[in-house]
Number of protein chains: 2
Amino acid sequence: MTDQKRQLSLNAFIYPSGHHEAAWRHPASRPDRIYDVTYYQEIGRTAEAAKFDAVFFADGPALRTNVKYNAAPGLEPITLLTAIAAATTHLGLIATASTTYYEPYNLARLFSSLDHISGGRAGWNIVTTGTDLAAANFGLSEHPVHAERYSRAREFVDAVGALWDSWEDDAIILDQKSGIYADPGKIHEINYVGRHLRVRGPFNSARTPQGHPVLVQAGASNDGRSFAGQYAEAIFTAHQRLEDAQTFYTDIKKRVATFGRSPDHVKILPGISPFIGDTEAEAKALEREFNELTVPEYGLAQLQGIVGKDLRSLPLDDTVPLELFSDAGNVTDNARSRLQVVAGIVERERPTVRGLLHRLAGARGHRVFAGTPEQVADTIETWFTSGAADGFNVMPPYYPGGLEVFTETVVPILQERGLFRTEYTGTTLRDHFGLPRPESRFAGGIAAAQ
Amino acid sequence: MTDQKRQLSLNAFIYPSGHHEAAWRHPASRPDRIYDVTYYQEIGRTAEAAKFDAVFFADGPALRTNVKYNAAPGLEPITLLTAIAAATTHLGLIATASTTYYEPYNLARLFSSLDHISGGRAGWNIVTTGTDLAAANFGLSEHPVHAERYSRAREFVDAVGALWDSWEDDAIILDQKSGIYADPGKIHEINYVGRHLRVRGPFNSARTPQGHPVLVQAGASNDGRSFAGQYAEAIFTAHQRLEDAQTFYTDIKKRVATFGRSPDHVKILPGISPFIGDTEAEAKALEREFNELTVPEYGLAQLQGIVGKDLRSLPLDDTVPLELFSDAGNVTDNARSRLQVVAGIVERERPTVRGLLHRLAGARGHRVFAGTPEQVADTIETWFTSGAADGFNVMPPYYPGGLEVFTETVVPILQERGLFRTEYTGTTLRDHFGLPRPESRFAGGIAAAQ
């Protein structure tokens with residue numbers, strides 16, 4: 001395989017019953033297992049048997065979902081991925097965690113430990129937390145504004161990276177005869193001093209198999225893209241249309257280069273939520289079946305959160321008025337990207353309110369695609385080969401069946417086309433993504449601080 | 001078994017290579033496996049096969065140990081216990097975590113998730129963190145004083161308990177037909193407002209199998225005992241002598257009663273670090289073998305940390321001067337209990353400096369006992385039946401062998417004597433300790449806040 005084609009990356013984005021908001025009402029889902037760890041371990045094994053790069057969990061430290069109608073959120077992702085690590089051997093394990101609502105020393109430890117425990121399979125999806133509901137859970141009277149959150153995020157990632165580097169790779173000597181366990185000259189205080197954070201160190205654990213867990217990012221705002229260009233090694237992104245995805249892809253790869261990094265070392269992974277059927281008609285019928293299970297009250301409240309207006313007076317079967325999106329000036333930078341996705345759908349498709357709710361029920365603004373396995377493979381290949389994606393964050397509308405049908409029917413086609421691995425060629429998430437292992441910033445004779 | 005005797009509780013306190021400070025230098029230990037999760041999973045299975053109540057990890061968010069001479073600390077305990085959970089079915093899983101250096105919402109989530117993942121086996125050893133090294137890792141110019149730490153700890157435990165109660169046990173309805181997943185009237189904001197902490201809630205996960213993970217505590221100071229009396233369901237304690245353990249036991253059970261709690265619902269578990277041999281002479285020879293592997297420079301630095309004086313001028317083979325302990329007035333309440341343990345040893349035994357270092361090398365002030373399996377079982381039975389202990393925190397001087405020899409030789413004797421279970425009679429840590437499952441504080445018709 002010396003002239004092997006460029007390979008796709010595929011992650012399974014796990015959401016308890018599935019990404020469709022009404023998934024838990026469908027008989028194919030298992031909402032009764034949301035708190036059962038073996039359910040997630042089985043999903044992990046399904047993803048690993050299909051040679052997926054990783055599984056991925058979203059997260060936020062607040063109850064965001066209206067749980068009256070939505071079966072979520074479930075368990076804390078770092079612990080959950082640790083349990084999945086114990087049931088798998090190669091699968092990457094990516095958890096979302098907030099730089100706004102964690103302390104860097106604590107979070108650095110959790111991801112370091114996950115990376116050790118999994119033998120180098122951890123990834124951290126860095127978020128600043130977009131909901132102001134979290135602030136009140138942490139004693140803050142208000143959620144820090146977008147720019148402040150990103151300013152803290154940069155410091156946070158710098159400090160965490162330094163903690164992960166604190167023990168050089170060869171710090172442990174382990175000489176039972178002389179009684180020297182470690183070389184204190186290779187274990188460093190980090191003495192991080194920022195505007196938001198001060199962290200002295202040293203870290204209290206050895207450097208991990210990957211050096212750094214893989215850094216993942218998902219922000220589509222300008223701050224988010226700039227941050228991604230500097231730090232991210234994988235980016236989860238939401239695009240409805242190929243041309244938007246291409247524009248984003250080109251923009252990010254350019255930003256990455258301006259930071260002196262190789263564009264190959266940042267994987268851009270749009271979300272795709274596939275309804276799969278033996279025929280296109282069957283797939284579309286399945287999608288309709290799920291959409292008919294939605295509760296309009298829930299969807300309207302979600303949409304209201306995006307457009308920032310009371311929508312309860314809108315008749316469900318009227319066309320969505322375009323004015324809804326014309327005066328969105330006071331929406332935050334963070335919310336704007338989601339708003340733009342929705343406005344684009346409304347402008348292009350002129351749906352009814354009910355139709356729009358159905359469009360958004362699939363995967364919260366990510367791309368829903370209903371088709372045959374061939375058609376799903378085709379769209380994946382098209383985006384992959386036309387500068388729109390390095391792979392995909394697969395968001396099955398329902399679990400566990402929606403992932404199983406994807407791995408049983410779409411993955412073999414991608415493998416036949418030579419686009420996706422048939423065996424793992426490495427053991428770490430960095431291996432799967434083709435990312436280099438970073439050297440410790442303290443390596444190479446810098447004077448030890450300890 | 002209707003008139004079954006009162007039963008011992010036994011925990012295995014896991015410390016990477018063992019509790020003896022030189023364990024990692026001994027060929028029976030495995031310091032090369034400190035970052036290997038399967039090592040801890042094997043230890044967990046050994047403890048479970050012997051029907052231990054739980055395994056336990058200490059923790060602190062700073063590098064406290066002089067790693068030049070000491071093989072520690074290893075991995076973050078909550079993630080590590082999650083991996084052990086995946087390899088066991090009944091064993092309790094107790095992690096230490098700091099109320100001074102965590103946020104209640106984050107820590108509540110980690111323990112809730114561990115309790116869900118393990119099917120009700122989580123325990124939280126509540127500490128306020130005794131080292132000022134941690135402060136600088138969290139942007140603080142100084143470590144909060146003892147009283148302030150305990151004041152925050154009380155608020156922290158109250159807030160975390162309320163978060164764990166936030167979803168009533170029957171909050172999830174899961175009616176696929178009507179589309180109602182949960183009853184918002186049974187999911188509560190907690191609106192906690194204290195002097196140190198404000199936490200609104202609601203929590204973002206369902207109530208756990210145990211309702212609350214078991215609350216463990218280890219502080220021997222006056223504040224610590226008062227806190228234990230109010231909150232603790234198990235207490236880890238360090239005593240060299242039976243009479244001191246009895247005094248402590250009586251004091252705690254009395255304090256528990258003054259809070260209107262049943263003294264039976266607080267398990268008092270002193271540490272014991274047993275060197276076991278076929279004969280007493282063999283056991284003592286084994287202890288000497290470990291002591292001879294200690295590095296005086298390391299032990300002196302540790303001792304210096306306890307007495308707060310420079311000890312490097314003390315000749316190793318001179319008797320420890322009693323004056324060393326006569327002017328300890330400016331030692332904190334927290335450090336005083338450790339100082340008293342050491343002063344007691346010096347007064348009673350008049351050891352040389354080297355002898356004292358050996359005495360302390362065993363288990364950092366916990367009780368070291370060298371003897372035959374019968375002798376170890378005898379001392380356990382004596383303490384258990386004479387009002388000094390409800391069980392023990394077993395601290396093997398070396399791992400994994402030190403735990404294996406205990407489970408193979410001492411446990412069968414305790415079982416024969418009817419003092420220790422031969423099968424688990426329940427599945428949760430509360431079951432093992434004989435503790436009730438707390439009802440949610442929001443249950444029973446209190447108006448929902450959400």
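The values are calculated or read from the model by the stated rules, or taken from the named source; none is laboratory data. Everything quoted here is computed from the prediction, not taken from an experiment. Ideal geometry is used to build each Cβ from the backbone, glycine not excepted, and the neighbour counts take in all protein chains shown. The area values use the complete protein model at the heavy-atom level, side chains included, leaving out ligands, DNA and RNA. Shrake-Rupley method; radii C 1.70, N 1.55, O 1.52, S 1.80 Å.
Counting only the heavy atoms of the protein chains, how much of B:Lys51 is accessible to a 1.4 Å probe, in Å² to the nearest 10?
Approximately 40 Å² for this residue.
Give the ranking of B:Thr258, B:Thr428 by solvent-accessible surface, highest area first, calculated with a 1.4 Å probe.
B:Thr258, B:Thr428
Order the following by accessible area, largest value first: B:Glu42, A:Glu48. Probe radius 1.4 Å; ligands, DNA and RNA are ignored.
Greatest to least solvent exposure: B:Glu42, A:Glu48.
Provide a list, ordered by number, of residues in segment A:62-107 showing at least 30 Å² less accessible area with every protein chain present than when their chain is taken on its own, using a 1.4 Å probe.
Listed by number, the residues meeting the 30 Å² cut-off are A:Leu63, A:Val67, A:Lys68, A:Leu75, A:Glu76, A:Thr79, A:Thr82, A:Ala86, A:Tyr102, A:Glu103, A:Tyr105, A:Asn106.
If you take each beta carbon of peptide B:180-190 and count the beta carbons of other chains within 10 angstrom, what is the mean?
4
Could you derive backbone 3J(HN,Hα) for segment A:258-274 from the dihedral phi with the Karplus parameters 6.51, -1.76 and 1.60 (θ = phi - 60°), listing whole Hz in sequence and x where the residue is Gly or Pro?
My calculation for segment A:258-274 gives 5, 8, x, 9, 7, x, 5, 9, 10, 8, 9, 10, x, x, 9, 10, x Hz in order.
Measure off 7 Å from each Cα along the Cα-to-Cβ vector at A:Arg350 and B:Glu349, then give the distance between these two points in nanometres to one decimal.
Output for this residue pair reads 9.0 nm.
Label segment A:365-423 by shape, choosing from rounded, prolate and oblate, from the square roots a ≥ b ≥ c of the eigenvalues of the Cα gyration tensor; if a/c is under 1.5 it is rounded, and otherwise prolate applies when a/b is larger than b/c, oblate when it is not.
It comes out oblate by the Cα gyration axes.
Relative to the longest principal Cα axis of chain A, at what angle does helix A:280-291 sit, 0 to 90 degrees, rounded to 10?
On a 0 to 90 degree scale, this one is about 80.
Can you list the residues of segment B:20-38 that have at least 50 square angstrom less accessible area with all protein chains present than in their chain by itself, probe 1.4 Å?
The answer is B:Trp24, B:Arg25, B:Tyr35.
What percentage of the solvent-accessible surface of segment B:296-450, computed with a 1.4 Å probe over protein heavy atoms, is contributed by carbon and sulfur atoms?
Accessible surface attributable to carbon and sulfur in segment B:296-450 totals 50 percent.
With a/c under 1.5 counting as rounded, go ahead and sort segment A:223-313 into rounded, prolate or oblate using the C-alpha gyration tensor (a ≥ b ≥ c being the square roots of the eigenvalues; past the cut-off, prolate if a/b is larger than b/c, else oblate).
It is oblate, given that a/c is not under 1.5 and a/b is not larger than b/c.
Leaving out ligands, DNA and RNA but keeping every protein chain, what accessible area does A:Trp164 have, in Å² rounded to the nearest 10, with a 1.4 Å probe?
Rounded to the nearest 10, that gives 10 Å².
Express the carbon and sulfur contribution to the solvent-accessible surface of segment B:55-149 as a percent, rounded to the nearest whole number, probe 1.4 angstrom.
That fraction is 47 percent.
So for chain B, taking the charge dipole from beta-carbon charges (+1 Lys/Arg, -1 Asp/Glu), which of B:Pro315, B:Leu403, B:Pro104 sits furthest toward the positive end?
Checked the options; the winner is B:Pro104.
For chains A and B, what's the summed buried accessible area, probe 1.4 Å, to the nearest 100 square angstrom?
Counting protein atoms only, the buried area is about 5900 Å².
Helix B:222-231 sits at what angle to the longest principal axis of chain B, using alpha carbons and giving 0 to 90 degrees rounded to 10?
Helix B:222-231 and the main axis of chain B meet at about 40 degrees.
Given the options B:Arg109, B:Arg348, B:Arg149, which has the most mean-square fluctuation in a GNM of chain B, springs set between C-alpha atoms less than 10 angstrom apart?
B:Arg348
For chain B, modelled as a Gaussian network with Cα springs under 10 Å, which listed residue fluctuates most, B:Asp59, B:Asp115, B:Asp170?
Among B:Asp59, B:Asp115, B:Asp170, the largest mean-square fluctuation in the Gaussian network model of chain B belongs to B:Asp170.
Let's see if you can work this out: charge +1 on each Lys and Arg Cβ, -1 on each Asp and Glu Cβ, no other charges. What is the dipole magnitude of the protein assembly as shown about its Cα centre, in debye to the nearest 20?
1220 debye
Dipole of chain A, Cα-centred, from +1 at each Lys and Arg C-beta and -1 at each Asp and Glu C-beta, to the nearest 20 debye?
Computed about the Cα centre, the dipole is about 740 debye.
According to a simple spin-label model (label point 7 Å from Cα along Cα-to-Cβ), what is the distance in nm between B:Thr250 and B:Glu280?
Result for the modelled spin labels: 2.8 nm.
Straight-line reach from A:Lys186: which lysines fall under 23 Å, measuring Cα to Cα and dropping same-chain residues less than 8 apart?
In chain and number order, the partners are A:Lys177, B:Lys68.
On the protein heavy atoms, probe 1.4 angstrom, tell me the percent of accessible surface of segment A:191-289 carried by carbon and sulfur.
In segment A:191-289, the share of accessible area belonging to carbon and sulfur is 47 percent.
For segment A:160-174, list whatever residues lose no less than 30 Å² of accessible surface once every protein chain is in place, relative to that chain by itself, with the probe at 1.4 Å.
Listed by number, the residues meeting the 30 Å² cut-off are A:Trp167, A:Leu174.
Just to confirm the number: angle between the C-alpha axis of helix B:146-165 and the first principal axis of chain B, 0 to 90 degrees, nearest 10?
For B:146-165 against chain B, the angle is about 40 degrees.
For A:Glu381 and B:Thr319, what is the calculated FRET efficiency with R₀ set at 60 Å and r taken between the beta-carbons, to the nearest 0.05?
0.15
Size of the dipole of segment A:384-447 about the Cα centre, Lys and Arg at +1 and Asp and Glu at -1 on the beta carbon, nothing else charged, in debye to 20?
Here segment A:384-447 has a charge dipole of around 280 debye.
Anyone know which of B:Leu133, B:Leu356, B:Leu81 comes out most mobile in the 10 Å Cα GNM of chain B?
B:Leu133
Is the shape of segment A:66-183 rounded, prolate or oblate, going by the alpha carbon gyration tensor and its root eigenvalues a ≥ b ≥ c, with a/c under 1.5 for rounded and a/b larger than b/c for prolate?
Here segment A:66-183 falls in the oblate category.
Take B:Thr89 and B:Gln340, extend 7 Å from each Cα along the Cα→Cβ direction, and tell me the distance between the two endpoints in nm.
4.5 nm
With the label 7 angstrom out along Cα to Cβ, how close does B:Lys284 come to the same site in each of the other copies, in nm, nearest first?
Reported distances to equivalent positions: 9.0 nm.
Under a 1.4 Å probe, what is the accessible area of chain A per residue, stated in Å²?
About 36 Å² of surface per residue is accessible.
Using a label point 7 angstrom from Cα along Cα-to-C-beta, what distances in nm, from shortest up, separate A:Pro438 from the other copies?
Copy-to-copy label distances at A:Pro438, shortest first: 4.0 nm.
How far, in nm to one decimal, is A:Glu423 from itself in the other copies if the label point is set 7 angstrom along Cα toward Cβ? Shortest first, please.
Here the equivalent label points are 4.6 nm apart from this one.
Ordering A:Ser262, B:Ser440 from largest to smallest accessible area (1.4 angstrom probe), what's the sequence?
Ranked from most to least accessible, the order is A:Ser262, B:Ser440.
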